[in-house]
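To start, the structure under review is shown below, and the notes come after it.
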Amino acid sequence: MQNRFANHRSRTVVAVLTVLPVIAGAALTGCDAGQDATTKGAPAAKHRSSAVRAPVWDRSPESVAAVGDSITRGFDACSVLTDCPEVSWATGTDSEVRSLAVRLLGTSRAAAHSWNHAETGARIAQLPEQMALAAEQKPDLVTVMIGANDACRDSAEMMTPVADFRASFQASMRQLRSKAPRTQVYVSSVPDLKRLWSTGRGNALGKQIWKLGICRSMLGEADDMSAAAVARRASVQERVVDYNKVLRDVCAKDLRCRYDGGAVFGYRFTGKQLSQWDWFHPGRNGQARLAEIAYRNVTARKPPA
């Protein structure tokens with residue numbers, strides 16, 4: 001029994017001696033790891049933290065492409081019933097407007113690194129095609145202003161359904177992402193068409209131009225205050241609000257998309273900002289105000305609330 005105890009004790013000693021180096025090595029490794037975490041490891045941890053916190057949104061894009069409708073084409077800003085892209089809020093070169101591209105890139109660089117693919121009369125259904133054209137340039141930023149023509153139809157019944165509007169905007173974003181996954185998107189809200197009606201209807205010349213067919217769903221029979229006319233305008237207003245919710249919600253699902261928070265819709269355009277020919281589209285002054293809003297939101301540290 002004594003021999004068995006001796007043998008057992010001997011085996012225990014051997015086991016302990018065998019384990020001690022392993023424990024010591026682990027302890028030393030642990031000390032090294034701890035030291036590394038304090039020295040070499042600290043910057044690594046800081047780097048990881050910075051990587052997580054690094055903003056996805058680049059506040060200084062170096063190229064701009066614009067998509068959208070007549071507002072981005074500068075329609076009726078320079079002469080009646082004519083596009084005037086040089087005063088476009090997004091990519092124009094006019095010194096009075098100082099477009100978003102000029103404010104971001106400077107005048108000379110903006111001329112070579114900005115593109116305007118917007119089309120007068122375009123509705124959301126045409127946006128995927130415009131996005132495909134914009135994606136070919138691989139711009140750092142794409143601006144979007146669309147939706148007014150979806151609400152401005154010959155009658156309120158002809159307005160683009162909200163579900164279709166959503167589907168087209170989602171398709172537009174997919175189109176862009178398939179070719180330009182890292183391009184940023186700045187989305188302007190649809191303007192308050194009812195306010196434009198309220199502001200412009202006080203101008204006799206403007207109302208005559210409206211009779212040519214500009215946004216009949218809102219501007220038709222501008223002085224008619226019957227219950228039916230009031231209800232018609234209210235339905236158009238509600239549809240614009242719904243479109244803006246779609247723009248906001250779809251944009252929110254893309255890390256590189258920033259919605260203006262309703263800034264354009266909420267801007268209180270006056271006669272000074274409207275076209276002197278149609279009293280509906282932005283004139284030079286109005287285009288400049290749109291450029292200011294866009295620049296403020298694109299360069300902000302945080303997206304609009």
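Key figures
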| read-out | value |
| --- | --- |
| Calculated P(r) tail over 15 Å for the stretch 252-305, as whole % of Cα pairs | 52 percent |
| Taking only Cα atoms of the stretch 75-219, radius of gyration then Dmax in Å | 16.6, 48 |
| Taking the stretch 193-305 and dividing mean pair separation by its residue count, relative contact order in percent (alpha carbons under 8 Å, at least six apart) | 29 percent |
| Virtual spin-label span in nm between Arg195 and Ala300, 7 Å along Cα→Cβ | 1.5 nm |
| Charge dipole of the stretch 174-222 about the Cα centre (unit charges at C-beta), most positive-ward option of Tyr186, Gly200, Leu176 | Leu176 |
| Taking the stretch 81-206 and dividing mean pair separation by its residue count, relative contact order in percent (alpha carbons under 8 Å, at least six apart) | 22 percent |
| Surface accessible to a 1.4 Å probe, per residue, for the residues of the stretch 190-305, Å² | 47 Å² |
| Spin-label pair Lys179/Val56, simplified geometry with 7 Å Cα→Cβ offset, distance in nm | 2.2 nm |
| Percent RCO, i.e. relative contact order, over the stretch 144-230, from Cα pairs under 8 Å lying at least 6 residues apart | 42 percent |
| Rounded accessible area of Ile71 (nearest 10 Å², 1.4 Å probe) | 20 Å² |
| Sparse-neighbour loop sites [GluC sites (Glu not before Pro); the stretch 81-168; at most 12 other C-beta within 10 Å; DSSP] | Glu96 |
| Shape box of the stretch 163-241 [Cα atoms, principal axes, largest first, Å] | 48, 25, 19 |
| Nitroxide proxy distance, nm - points 7 Å out along Cα→Cβ at Arg268 and Lys245 | 2.6 nm |
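The values are calculated or read from the model by the stated rules, or taken from the named source; none is laboratory data. The shown structure was predicted, so the numbers you read here are calculated from the model rather than taken from an experiment. Glycine also receives a Cβ, built like all others from the backbone with ideal geometry; neighbour counts cover every protein chain displayed. What goes into the accessible areas is simple: the full protein's heavy atoms, side chains included, and nothing from ligands, DNA or RNA. Shrake-Rupley method; radii C 1.70, N 1.55, O 1.52, S 1.80 Å.
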